Amino acid sequence: MAKRFSVTVKKEWCKSCGLCISICPKKVLAFDDRMKAHPERMDDCIGCRQCELFCPDLAITVEERE
């Protein structure tokens, strides 16, 4: 069975730079109506953690789901 991942964005830390959205190979993240990143397609996440690594504000956490 394939591993599944949860992506969490701390909205109060996100400065809407869009790096996470542009770096994600599966296009999991998108801007919400307040121009903050949020996981729109979390089930597509492959756990590469690129969004977590590139976020300059450390606002993103990727964790494996049970």
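Coordinate-derived values only; no laboratory data. Owing to the predicted nature of the structure, the values given are computational and were not obtained by experimental measurement. Virtual Cβ from ideal backbone geometry, glycine too; neighbours counted across all protein chains shown.
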Problem set entry | Top-ranked residue in the stretch 15-26 [being within 15 Å of residue 62 (Cα to Cα) and either among the aliphatic types (A, V, I, L, M) or in contact with an Asp or Glu (Cβ under 7 Å, 6 or more places away or on another chain) (or both); ranked as surrounded by the most Cβ atoms within 10 Å (Cβ to Cβ)] | 21
Problem set entry | Unique match (being of a type in the set (Lys, Arg), touching a strand residue (DSSP E or B) at 6+ places or on another chain (Cβ under 8 Å) and touching a residue at least 12 places away in the same chain (Cβ under 8 Å)) among 65, 34 | 65
For this session: Among residues belonging to the stretch 42-66 that are under 9 Å from the mean Cα position of the chain (by Cα) and among the charged types (D, E, K, R), point out the one that is surrounded by the fewest Cβ atoms within 10 Å (Cβ to Cβ).
Result: 49
Seminar exercise, completed: Here the qualifying pairs (Cβ atoms under 7 Å; residues six or more apart or on different chains; first in the stretch 1-30 and touching a residue at least 40 places away in the same chain (Cβ under 8 Å); second among the acidic types (Asp, Glu) and part of a loop (DSSP other than H, G, I, E, B)) come out as 13/57; 14/57; 15/57
